[in-house]
Amino acid sequence: MSNPKFLLSLFLALCVPLLCLRAQSPAEMEARLRKPETTKKDKMTLYHELAKKYLSSNPSKAATYAYNASNLATELGEKRIEAEALYLSGQASLAARRPTDAAERFEAAWQSGRNYGLTSVVVGSLEQLRGLAERKNNLTDALRWSVEEINYLKKAAGTGGASGNPRLEARLADLQSENQRLRGRLQELTGQSEAFASRFNETEARLQQVQEQTQEVLTQKEVELSLISQEKQQLDSVARFKSSLVDNLTKEQLATRVIQEQQEKELQEKKAALAEAELARQESEALRNILALVGAFSLVIALLFYLRFRAKKRTANELMRSKAQIEVEQERSNKLLLNILPAAIAEELKVKSKVAAQKYDQASVMFVDFTGFTNLSERLSAEQLVQELDHCFSNFDRIIGKYRIEKIKTIGDAYLCASGLTDRNDNPADIIRAGLEMQDFLLELKAIRQSQGLPFFEARIGIHTGPVVAGVVGQTKFAYDIWGDTVNIAARMEQSCDPGRVNVSDDAYQLARYTFEWQHRGKVAAKNKGMLDMYYAVGFKQY
């Protein structure tokens with residue numbers, strides 16, 4: 001039986017902060033936003049609550065706060081709050097009479113809610129988008145959003161359609177009626193546009209005829225003006241020619257005298273320049289002979305010093321290159337060793353040349369295995385298959401690297417990792433968080449591959465916490481591995497999991513139950529282990 005006092009204290013610890021936040025005034029909440037110690041998660045919650053409070057009194061401010069909350073939710077991985085905040089920002093923008101911003105926020109909320117199965121956000125966003133398009137008299141977009149909502153509701157109802165759900169049947173009927181109404185209006189407008197186009201074409205033809213007649217008159221006038229201009233140019237040319245004949249008689253005589261005087265002056269200047277150049281040549285030749293002797297002697301001395309300097313520098317460079325090459329090779333060896341072994345194990349191996357096996361009483365083990373891998377490998381070439389596996393495993397490595405989780409090995413399409421080993425990160429919350437992020441990554445990759453018409457991976461993830469033995473085996477190719485019944489149970493958790501989910505054993509659940517939302521599966525049969533309690537980790541607990 002659970003302790004009533006414990007349950008009451010837990011309820012107060014979880015609910016009182018949220019109630020206090022809701023009881024605060026907007027000014028107090030805005031003051032908290034400006035405090036440096038306020039965390040990003042608290043800021044996200046404050047932005048969201050402020051947007052709700054300002055929605056009716058100051059919609060412009062509410063739109064800004066809601067949009068800030070959605071950005072922080074995206075950064076923190078809070079998918080539901082991201083979609084709800086985008087929808088709230090769209091409502092506030094609409095109330096602030098900014099329909100363009102509202103349409104942009106509603107479309108972003110629709111995409112986010114669609115990716116994560118938030119039906120209320122998706123349906124509300126599609127209705128708002130349809131209404132905005134119809135108010136702008138953009139019946140094509142309004143019809144498109146109406147069809148999108150009908151298709152989404154049909155898909156949400158499952159393969160059996162809307163049968164058995166009266167509210168959904170009524171909603172679909174209303175949408176289909178609205179769809180027919182929009183189609184009728186669009187056809188009516190299309191017919192009116194065709195009649196208007198016919199009248200416009202007739203008017204344009206008449207206008208073209210008038211323009212052609214006007215152009216003929218203008219062309220005739222231009223020809224007459226051109227003839228008059230040509231006659232004027234001929235008269236001007238004759239007048240200029242007669243004037244130039246009179247002027248050239250005196251100008252040619254003056255020009256001849258000036259040229260003769262200029263030539264005599266240039267000849268005298270050239271003679272003086274040649275005499276000065278000869279004197280300077282004789283002086284420079286004598287100076288050049290003296291400098292050549294001094295330069296030759298200096299060059300010999302400098303060459304001797306240079307050869308000695310080069311010899312010393314060559315020796316020093318060879319020593320530095322050798323040292324640098326040794327350091328590079330040592331760094332490369334260390335990186336290769338750290339890619340294979342944990343840092344503490346690698347250091348012990350370098351010092352002692354061997355590693356003793358270690359027992360860890362509380363380690364968390366996670367198995368990841370792709371479903372339908374054989375069928376998928378038949379649809380992809382060998383190169384494409386290896387590229388897809390490398391892309392997935394590289395992102396898995398990135399995710400576990402954030403939570404101090406050791407990658408143990410990959411076996412074909414399976415991925416094995418563990419926490420609580422050398423760095424004693426023995427709480428399973430981090431490895432469960434990593435498993436949820438892996439499934440989020442695969443879900444996003446699935447959406448991309450489906451839009452490209454390409455095959456995609458889905459995976460099962462199993463997690464168990466318990467004692468393991470870890471050590472290094474082999475002498476030439478080192479392999480760090482773990483053994484024990486904990487590893488076997490983690491494998492059974494993965495085998496009993498549905499694709500796209502994270503299946504957690506009862507031992508791991510007891511240590512992390514207050515951190516996540518759970519779906520209890522009850523006791524499930526596991527190969528060679530009997531009936532075991534299993535839990536699906538649904539997401540982070542919302543406070």
When you look at V472, is it under 23 Å from L118 (Cβ atoms), in contact with a helix residue (DSSP H, G or I) (Cβ under 7 Å, 6 or more places away or on another chain) and surrounded by 15 or more Cβ atoms within 10 Å (Cβ to Cβ), yes or no? no
The condition from (1) open to solvent by less than 60 Å² (accessible area, probe 1.4 Å); (2) touching a residue at least 12 places away in the same chain (Cβ under 8 Å) that K402 misses is numbered (1)
Listed by first then second residue, the pairs whose first member lies in segment 483-506 and is touching a residue at least 12 places away in the same chain (Cβ under 8 Å) and farther than 21 Å from P467 by Cβ, whose partner is buried (at least 23 other Cβ atoms within 10 Å of the Cβ) and hydrophobic (A, V, I, L, M, F, W, C), with beta carbons under 6 Å and at least 6 positions apart or on separate chains, are V502/I461; V502/A537
Within segment 491-543, of all residues that are within 33 Å of the chain's Cα centre (by Cα) and among the polar types (S, T, N, Q), the one modelled with the lowest pLDDT is Q542
When every residue in segment 111-137 that is closer than 22 Å to K53 by Cα and touching a residue at least 12 places away in the same chain (Cβ under 8 Å) is compared, the one most open to solvent (accessible area, probe 1.4 Å) is Q128
Within segment 70-110, of all residues that are over 21 Å from L126 (Cα atoms) and open to solvent by less than 60 Å² (accessible area, probe 1.4 Å), the one farthest from the chain's Cα centre (by Cα) is E78
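Hand me the list of helices (runs of 4 or more DSSP H) wholly inside segment 23-80 holding 1 or more residues that are in contact with a Leu (Cβ under 6 Å, 6 or more places away or on another chain), within 14 Å of S93 (Cα to Cα) and not charged (D, E, K, R). Full working, then the answer.
On the way: elements: 26-34, 40-54, 59-76.
In segment 23-80, 40-54, 59-76 are the helices (runs of 4 or more DSSP H) which contain 1 or more residues that are in contact with a Leu (Cβ under 6 Å, 6 or more places away or on another chain), within 14 Å of S93 (Cα to Cα) and not charged (D, E, K, R).
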Scanning segment 431-469 residue by residue, those touching a Cys at 6+ places or on another chain (Cβ under 6 Å) and open to solvent by 20 Å² or more (accessible area, probe 1.4 Å) turn out to be R460
Going through (1) within 22 Å of K402 (Cβ to Cβ); (2) surrounded by 21 or more Cβ atoms within 10 Å (Cβ to Cβ); (3) among the hydrophobic types (A, V, I, L, M, F, W, C) one by one, C497 fails only at (1)
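Here are G161, G113: which of them is more than 22 Å from K61 (Cβ to Cβ), outside any helix (DSSP H, G or I) and either modelled with pLDDT of 90 or more or touching a Leu at 6+ places or on another chain (Cβ under 9 Å) (or both)? Can you show your working first?
On the way: G113 fails: outside any helix (DSSP H, G or I).
Being more than 22 Å from K61 (Cβ to Cβ), outside any helix (DSSP H, G or I) and either modelled with pLDDT of 90 or more or touching a Leu at 6+ places or on another chain (Cβ under 9 Å) (or both) holds for just one of G161, G113, which is G161.
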Query raised in the report: Has segment 517-531 got at least one residue that is among the small types (G, A, S), closer than 20 Å to P428 by Cβ and in a helix (DSSP H, G or I)?
Result: no
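The values are calculated or read from the model by the stated rules, or taken from the named source; none is laboratory data. These numbers were taken from a predicted model, which means no experiment stands behind them. So basically every Cβ, Gly included, is an ideal-geometry build from the backbone, and we count neighbours across all protein chains shown. Accessible surface areas use protein heavy atoms only, side chains included; no ligands, DNA or RNA. Shrake-Rupley method; radii C 1.70, N 1.55, O 1.52, S 1.80 Å.
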